[in-house]
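Here's the structure we're looking at; comments come further down.
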Amino acid sequence: MSSFGSRLKKFREETGLLQKELAAKLQVNTATVCCWETGSRLPSGPKRQKIASFFNVSESDLFGESQIVTGYEKLFDN
């Protein structure tokens, strides 16, 4: 699984969405979301922006170009 794919899956699961629900919100088919999550395909530029906006994260966060810090990790960040 690509860095993007694992992060997308993490964001999707944290919001409690099924692949088909995310697909509907992003106006793509379920197979596309599956391909993104497994790393066999990557979204186009406009879709990247739409995904980042939907999850309220940066494209860097989606593609592993920045470290994602969870709430748990923030507790111990001193």
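The values are calculated or read from the model by the stated rules, or taken from the named source; none is laboratory data. Here the structure is a predicted model, which means the values were calculated and not measured. With ideal geometry, Cβ positions are generated from the backbone for all residues, glycine too; neighbour counts draw on all protein chains shown. These area figures cover heavy atoms from the full protein model, side chains too; ligands, DNA and RNA do not enter into them. Shrake-Rupley method; radii C 1.70, N 1.55, O 1.52, S 1.80 Å.
In region 5-25, the condition of being assigned to a loop (DSSP other than H, G, I, E, B) and under 18 Å from GLY64 (Cα atoms) is met by no residue.
So which residues in region 28-78 are modelled with pLDDT of 95 or more, over 13 Å from the mean Cα position of the chain (by Cα) and either open to solvent by 70 Å² or more (accessible area, probe 1.4 Å) or not hydroxyl-bearing (Ser, Thr, Tyr) (or both)? Of everything in region 28-78, those that are modelled with pLDDT of 95 or more, over 13 Å from the mean Cα position of the chain (by Cα) and either open to solvent by 70 Å² or more (accessible area, probe 1.4 Å) or not hydroxyl-bearing (Ser, Thr, Tyr) (or both) turn out to be VAL28, ASN29, ALA31. I need every pair where a residue in region 1-26 that is within 18 Å of SER58 (Cβ to Cβ) has its Cβ under 7 Å from the Cβ of a residue that is of a type in the set (Val, Ile, Thr) and open to solvent by 70 Å² or more (accessible area, probe 1.4 Å), sequence separation at least 6 or different chains. From residues that are within 18 Å of SER58 (Cβ to Cβ), the pairs are GLY5/THR38.
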